[in-house]
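The structure appears below as structure tokens.
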Amino acid sequence: MLAIGCDHGGYALKQEILAHLKKRGVEVKDFGTYNEDSCDYPVYARAVAQAVTSGECERGILICGTGIGISIAANKVPGVRCALCGDCFSAQATREHNDANVLALGARVTGPGLALKIVDTFLDTPFSNDERHIRRISLIE
Ligand code: RB5
């Protein structure tokens, strides 16, 4: 199960990602927001982060205007490794090296075509399991 959440700035892109995930057959739990009314991104960051750390969802995706605020908020939750990605190289590297469990996207920065490719890369790339990366992640925790 994948958790997804956004603020008003990320709502339109979240809808595109949801349609894409449906085509892929990915099971998703949508934590909101559910319209473009102005709202507070930390609320959605926390909901998705807690869904991941509780084990309810394996990974999460968060979207706000820049991806910055929502990633900062998610990373306050212990056990969350949220990576803000604007390219596929970073999405692949953060899965392989950081075992990132939440992806953040900036809807006002990254176009929808690239965003969907980043989502696919994030979902399809396994953690490397290299000893050095395991050690570094444990040092973060
Ligand atoms: C909302 O206007 C905007 O501040 C938010 O979407 C995000 O970019 C914050 O980091």
Problem - Scan of the range 49-104 for residues that are within 21 Å of R135 (Cα to Cα) and within 16 Å of the ligand (Cβ to nearest atom), ordered by number - result: N75, K76, C82, A83, V102
Exercise for the section: Write out, first by first residue and then by second, each pair whose Cβ atoms fall under 7 Å of each other, whose residues are 6+ apart or on separate chains, and whose first residue, in the range 91-102, is of a type in the set (D, E) while the second is modelled with pLDDT of 95 or more and not in a helix (DSSP H, G or I). Expected result: E96/T125; E96/F127; E96/S128; D99/R81; D99/F127
Problem - Criterion: modelled with pLDDT of 95 or more, surrounded by 16 or more Cβ atoms within 10 Å (Cβ to Cβ) and out of contact with any helix residue (DSSP H, G or I) (no Cβ under 8 Å at 6 or more places or on another chain) - qualifying residue of A93, A100 - result: A93
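The values are calculated or read from the model by the stated rules, or taken from the named source; none is laboratory data. Please read all numbers here as calculations on a predicted model, not as lab measurements. All Cβ positions, glycine included, derive from the backbone under ideal geometry; neighbour counts span all protein chains shown.
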